[in-house]
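Right, one structure below, let's go through it.
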Amino acid sequence: MRSVCGRLLLLTAVLVVGAGCATGEEWGTWYEHRTHFASYDHLGFSVRNTEGSAPKVSRQDMALARDESWWGRPITVGQEQILDR
Amino acid sequence: MIGRRTVAAVLALLILTGGVAFAAPATDRVLPAGQHTTEKARTLATTHVRALQELNAGIYHCWPWVETQKASIGFYRPKNVAPRTQDDRYLSIRIYVEQDPSPAFGKLTFEERSTAMFSRYAGPLLRRMTRDGALAADPTLDGFTAILEWMKQAPPVNGRPVHETIAIFMDRASALEYVSGRTDNRTLSARAHVLGFDGETPLGAIKIAPTWDDSFVTTYKVQNYQLEPGVTC
């Protein structure tokens, strides 16, 4: 009886742990869309500004956001279409 | 005791100078003189390099909602504009304007959005571009280009946002007359040559409606934005 209970407990634990893990496909999807924290700088900004406190935005925070294309590389006209060096 | 004071002073200096360097705008926003393709352009870029870096720094600190990219500032030759000399050189700047989505803005036609952006940025940019007296008075400078870019209010294409862009070309005389107050914004836009782009697609020369001097740039403040120590706008 104790052995059956132990096996049931083990099976339940395996199912719970398995349900909490992402599949290979899910990891692949996450890897392609890692925009939650695109960089450690972004992570740092998020950690520094927690909910409930007045956020402080430095110029570098804003520049990094643009440089690292947090929101995706845009479709836009190339400068060479407008100007010559 | 003196030793401790000296060490403290050096440390403070290191921290301060390190902080300033860290907070400074990237100098690569200005196209290096050697990467211009003609002697006229290289001479302009060499002579006025400090003014261009100050222009870069001023926009970086004072208009934090605006971004420039590598080589966004330089003495470029405009394309698709009737040349006045064999090598017309315009002081050019390209900026991307971050702005919140606005249904009202999105409902305007492209020409109306362009008119609004011209009204908001062309004048203030020209004032910054002519702030250095020697640069504005340089007889080899032929004009000014302002390239304004903003997010199109439309669904992304393949996950990528689309930008709308206008390139504004202004000859030197028209620009200086406007900056000195001898002509108004409407006259400036009437004399300017404006090209439009939807994403990568050229829309050709566009006709913008009468423009005005929008005070947004001088009145808007980014919430919670902290100006770097020692910087004034």
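Label the range B:105-232 by shape, choosing from rounded, prolate and oblate, from the square roots a ≥ b ≥ c of the eigenvalues of the Cα gyration tensor; if a/c is under 1.5 it is rounded, and otherwise prolate applies when a/b is larger than b/c, oblate when it is not. Let's see the in-between values first.
Working: a/c = 1.82, a/b = 1.24, b/c = 1.47.
Because a/c hits 1.5 or more and a/b fails to exceed b/c, the range B:105-232 counts as oblate.
At what distance in angstrom do the alpha carbon centres of the range B:86-145 and the range B:162-225 lie from each other?
5 Å
Need one number: nm distance between label points at B:Thr232 and B:Arg42, each 7 Å from Cα along Cα→Cβ, rounded to one decimal.
Using points 7 Å along Cα→Cβ, the separation is 3.9 nm.
Could you name the lysines in cross-link range of B:Lys79, using Cα to Cα under 19 Å and dropping any fewer than eight places away on the same chain?
Candidates past the 8-residue exclusion: B:Lys40, B:Lys207.
For a Förster distance of 35 Å, can you work out the FRET efficiency between the beta-carbons of B:Thr85 and B:Gln223, rounded to the nearest 0.05?
With a Förster radius of 35 Å, E is 0.15.
Taking only DSSP H segments of four or more residues, each worth -39500 (n - 2.57), what value at 222 nm results for chain B once the sum is divided by all its residues, to the nearest 500 deg cm²/dmol? Each step should come with its number before you reach the end.
Values: 10 runs with 88 residues, N = 233.
Taking each H run of at least 4 residues, the total per residue is -10500 deg cm²/dmol.
Would you mind getting me the FRET efficiency between B:Phe110 and B:Asp213? Use the beta-carbon distance for r and R0 = 30 Å, nearest 0.05.
Values: r = 22 Å, r/R0 = 0.73.
E(calc), rounded to 0.05, equals 0.85.
With a cut-off of 8 Å between alpha carbons and a minimum separation of six or more residues, what is the relative contact order of chain B in percent? Working shown, then result.
On the way: 326 pairs, mean separation 42.7, N = 233.
In percent, rounded to a whole number, it is 18.
Explain nothing, just compute: Karplus ³J(HN,Hα) = 6.51 cos²θ - 1.76 cosθ + 1.60, θ = phi - 60°, for every residue of the range B:177-191 in order, whole Hz, x for Gly and Pro.
5, 5, 4, 7, x, 7, 10, 9, 4, 4, 5, 4, 5, 5, 8
For A:Lys56, go through the lysines and keep the ones whose alpha-carbon is under 23 Å away, minus same-chain ones fewer than eight residues off.
B:Lys221
If r is the Cβ-Cβ distance from B:Arg127 to B:Arg160 and R0 is 41 Å, what FRET efficiency results, to the nearest 0.05?
Numbers: r = 34 Å, r/R0 = 0.82.
Once the sixth-power term is evaluated, E becomes 0.75.
Where a number appears in this text, it was derived from the coordinates with a stated rule and is not lab data. Please read these numbers as outputs of a predicted model, since none were measured by experiment. Positions of Cβ are backbone-derived with ideal geometry, glycine not excepted, and every protein chain shown enters the neighbour counts.
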